[in-house]
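Presented below is the structure to which this report refers.
The values are calculated or read from the model by the stated rules, or taken from the named source; none is laboratory data. Nothing here was measured: the structure is a model prediction, and the numbers come from that model. Glycine gets a Cβ as well: all are built from the backbone with ideal geometry, and neighbour counts include every protein chain shown. These area figures cover heavy atoms from the full protein model, side chains too; ligands, DNA and RNA do not enter into them. Shrake-Rupley method; radii C 1.70, N 1.55, O 1.52, S 1.80 Å.
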Amino acid sequence: MRALLERHHQDPRDALRAALVTAEQRGQLAPGADPGPTADVLALLAYGVNLRSRAGADARALRATVASPAAACCARCQAPPVSP
């Protein structure tokens, strides 16, 4: 079971890390943002959003929760506006 759970985390984490490495190469990653740990945080955030969503959390509140960390790792973007 442990191996299955690790793979369930590792696959999206690896995909996020690859995207962040590409962003870093293009100068789109915030200075000091390390693709590995940032990918871990974003993967964990995605799991949390999934759980909160299943529990009936408000979609707008979830978007606002995600906007800040997403913008923090982006060198040239700001948090996207939260729409209804």
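Filter segment 1-13 for residues that are of a type outside the set (D, E, K, R) and either in a helix (DSSP H, G or I) or in contact with a Phe, Trp or Tyr (Cβ under 8 Å, 6 or more places away or on another chain) (or both) and give the result. Selection gives A3, L4, L5, H8, H9, Q10, P12. Among the residues of segment 63-74, the ones that are over 20 Å from R13 (Cβ atoms) and surrounded by 15 or more Cβ atoms within 10 Å (Cβ to Cβ) come to 2 in all. Filter segment 6-36 for residues that are charged (D, E, K, R) and over 25 Å from N50 (Cα atoms) and give the result. Answer for segment 6-36, where residues must be charged (D, E, K, R) and over 25 Å from N50 (Cα atoms): E24, R26. Looking across segment 23-41, the residues that are open to solvent by 50 Å² or more (accessible area, probe 1.4 Å) and outside any helix (DSSP H, G or I) come down to R26, Q28, P31, G32, D34. Of all the listed residues (L51, L20, L16, L44), the sole one being loosely packed, with under 11 Cβ neighbours inside 10 Å and assigned to a helix (DSSP H, G or I) is L51.
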